[in-house]
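The block underneath contains the structure these notes are about, expressed in structure tokens.
The values are calculated or read from the model by the stated rules, or taken from the named source; none is laboratory data. This one's a predicted model, so the numbers in the text were calculated from it and none came from an experiment. Neighbour counts are summed over all protein chains in view; Cβ atoms, including those assigned to glycine, are modelled from backbone coordinates with ideal geometry. We work out accessible area using only protein heavy atoms, side chains counted, and drop any ligands, DNA or RNA first. Shrake-Rupley method; radii C 1.70, N 1.55, O 1.52, S 1.80 Å.
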Amino acid sequence: MRSNLRPRAAMTFVFCLSSFLMAQPAQAVDCSLRANPDRILAREAQIRQKVYASAAKFNRVRTAGSHGVPAAEIPRRNLVDDAIFDKLQQMDVPSAPLTTDAEFIRRIYFDLTGHPPTPEQIRAFLEDSNPDKRREQIDQLLYSREFVDKWTLWLGDLMQNVAFPQNFDRQYYARNAYYEWMLLGLANEKSLKDFAYEAISATGNSYNTPSGAVNFALNGIVAMGPIQDRYDNLLRFTTTAFLGLSTYDCLLCHDGRRHLEQANLWGSTRTRLEAQRMAAFFARTDMIKPRVASTAEFYYNSYDVTDRTTGNYDLNTNYGNRPDRVPIGASRFLTPEYRDESLPEGNWRASFAGFVVNDPLFAVNMANRLWKEFFGLGLIDPEDSIDLARLDPSEPPPAPWTLQASHPELILALAEQMREGNFNLREFIRILVSSSAYQLSSRYSAEWKLTYVPLFARHYPRRLEGEELHDAIVMATGVKTNYTLRGLNDTVWAIQMPEPVEPRSNGSTLNFLVPFFRGNRDSQLRIQDGSIQQQLNLMNDPFVLNKVKVANSANMRAVAAITGDTQAVEELFLLYLNRMPDERERTVALEFLGKAGAQRNTYLEDLAWVLINKTDFLYNY
């Protein structure tokens with residue numbers, strides 16, 4: 001009987017059947033999902049629980065009859081607000097009120113630049129009567145140098161720029177070239193699409209800034225193992241960062257069937273063969289250290305990344321980091337095929353880069369990652385767990401599955417905005433931060449429930465990143481330390497450091513920062529968790545204690561020179577908490593200062609220490 005399958009589909013069926021028949025039961029033991037399903041399946045619930053607990057720190061004291069703000073009363077400014085407040089209305093969930101100007105100015109500075117506003121900037125903003133001042137403030141910060149620094153840090157995390165990862169030594173010069181490629185690209189408004197395309201397809205030397213993008217491909221290097229492990233690792237790394245599809249890490253070991261049914265509906269229907277064909281796009285990429293005459297030469301230990309015109313994904317391994325790769329029927333190698341069955345034309349890796357950035361999922365992933373940066377929780381979270389079979393509201397998945405995004409229409413609409421705006425980072429961010437949903441207060445006077453978390457009825461506070469915390473303390477006190485960065489200009493700002501394991505030149509500062517979970521962009525990624533050690537460092541570390549001393553701090557000396565206690569207290573609050581004290585805080589602080597006598601400087605130092613140890617200081621709310 002003649003088959004009704006297309007030739008390629010028929011071949012895929014034969015390959016999949018053969019792969020299934022040859023699969024070894026012992027390989028299932030290595031599956032991380034089967035070994036520890038609760039860890040994988042509970043990630044979404046754990047993330048929402050953390051957001052719930054963080055938000056609860058900023059609950060308003062509830063009074064009898066306090067019911068929050070009806071969502072219908074919040075002004076709608078763009079598509080974000082239509083989606084968020086429509087759903088709140090449908091579910092009869094009250095909204096938080098909009099932020100005050102004092103809350104907004106601190107939030108937008110930290111979120112866009114990683115630095116707090118100065119007292120002068122706060123006063124100017126609060127005194128400005130222009131009704132359009134928030135929009136103007138957003139515009140000014142989007143095009144500031146500090147914006148470039150903050151978002152270079154974000155890109156460095158996404159594309160894992162680190163000098164010495166576990167599997168190979170990138171070296172300082174390559175790290176610097178990668179960092180400067182990102183920094184210059186952001187300064188010159190390179191689109192996210194161009195960043196991704198260049199990162200995937202670039203050729204050249206890893207030490208040269210113009211070809212700094214080749215350092216992305218180096219992340220695929222795997223210690224020992226066959227070359228196919230490198231191809232697989234490059235696919236895993238690329239699809240996780242740019243498509244939100246960490247599922248390929250599973251599929252490169254085994255078919256999704258009987259492994260992913262509880263975790264990812266799309267993944268459960270995919271095969272190892274399909275994943276390997278995706279990895280085959282990297283089968284002609286070479287990463288070779290150039291020959292140099294001396295270890296003193298600049299290019300010593302660098303990598304040249306190039307592409308050949310020959311080579312395939314061979315099915316001939318019996319060792320390494322993945323299960324054996326064995327011939328499937330008469331086929332002893334694979335050639336590339338993208339997940340939508342597209343085939344390469346010309347350079348395989350460049351073709352793959354084009355497929356990725358034009359994949360609808362690229363826009364979804366980027367929109368979702370940026371949403372999480374500003375709203376504290378992804379519309380799909382974890383952000384690397386996107387399930388393609390649960391994205392489209394017009395084609396809902398079969399029961400018991402549900403659509404994955406908390407707001408399915410919104411994530412697709414934001415992806416469309418991303419495409420229409422040519423993946424312009426600043427303009428997409430402008431849409432998010434201009435919305436009323438972003439500008440809601442973090443303080444919630446109605447009853448706060450765990451089930452409200454995915455509805456975004458309030459703004460979710462986030463703990464400051466270690467770099468932001470460092471720089472906030474430096475700005476508040478005015479006490480700067482010059483950090484030496486090998487191969488780069490010295491800096492006093494942590495936000496300008498090329499990787500989170502800096503400053504290597506200052507062990508005491510590095511020890512202060514380590515408990516804030518900056519990670520190393522390799523085996524340990526950045527996380528938002530709190531810890532007792534964080535609190536102990538803020539209370540006891542010399543990094544804090546020495547900087548609040550009047551003898552060391554120009555800003556503290558300026559406060560000490562203010563003769564009126566009321567004005568001195570207000571200046572301290574503006575320096576450290578970036579707001580004026582409320583009446584209770586003012587009363588307590590003035591009573592405390594009133595006991596100072598001849599020890600006024602010491603009492604001012606104690607007040608500064610207290611402010612650094614308030615929840616308000618540690619969180620952007």
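For the reader, a short list of remarks on this structure follows.
- Cβ-Cβ FRET estimate between E345 and A293, R0 fixed at 51 Å, reported to 0.05: 0.80
- Full extension of the chain segment joining R584 with A413 gains 57.1 nm, where the gain is 0.36 nm per residue of separation less the Cα-Cα distance.
- Charge-dipole axis of the chain as Lys and Arg at +1 and Asp and Glu at -1 on Cβ define it, positive-most pick from F617, A45, L141: A45
- Protection proxy ranking, peptides 435-446, 474-485, 157-168, average beta carbon neighbours within 10 Å, highest first: 435-446, 157-168, 474-485
- Tilt relative to the chain, helix 360-375 - C-alpha long axis, 0 to 90 degrees, to 10: 20
- When the chain is described by a simple charge dipole with +1 on each Lys and Arg Cβ and -1 on each Asp and Glu Cβ, the residue from L126, L361, A437 located farthest towards its positive end is L361.
- For the range 446-479, the list of trypsin sites (Lys or Arg not before Pro) that fall in a loop by DSSP and count at most 11 other C-beta atoms within 10 angstrom reads K449.
- Taking the average, over residues, of other Cβ atoms within 10 Å as the packing measure, peptides 542-552, 76-86, 359-369 rank 359-369, 76-86, 542-552 from highest down.
- Three principal axis lengths of the range 519-590 [C-alpha, angstrom, descending]: 52, 29, 19
- Of all accessible heavy-atom area on the range 98-164, the percent that carbon and sulfur account for (1.4 Å): 51
- Here the calculated FRET efficiency for N78 and V492, from their Cβ-Cβ distance with R0 = 30 Å, stands at 0.20, rounded to the nearest 0.05.
- Accessible area per residue in Å² at 1.4 Å probe, computed on the range 330-408: 38
- Here the peptides 132-144, 209-221, 227-239, 499-511 are ranked by packing, the mean other Cβ count within 10 Å, and the order with the highest first is 227-239, 209-221, 499-511, 132-144.
- Spatial extent of the chain: Rg and Dmax, with the Cα atoms as the point set, Å: 26.6, 102
- Helix 348-358 vs. the chain, principal-axis angle (Cα, 0 to 90°, nearest 10): 50
- Helix 101-113 vs. the chain, principal-axis angle (Cα, 0 to 90°, nearest 10): 40
- Principal semi-axes in Å for the range 150-260 [√(5λ), Cα gyration tensor, largest first]: 26, 17, 11
- Subset of K87/K133; K50/K190; K87/K190; K193/K480; K133/K449 violating a 31 Å alpha-carbon distance limit: K50/K190; K87/K190; K193/K480; K133/K449
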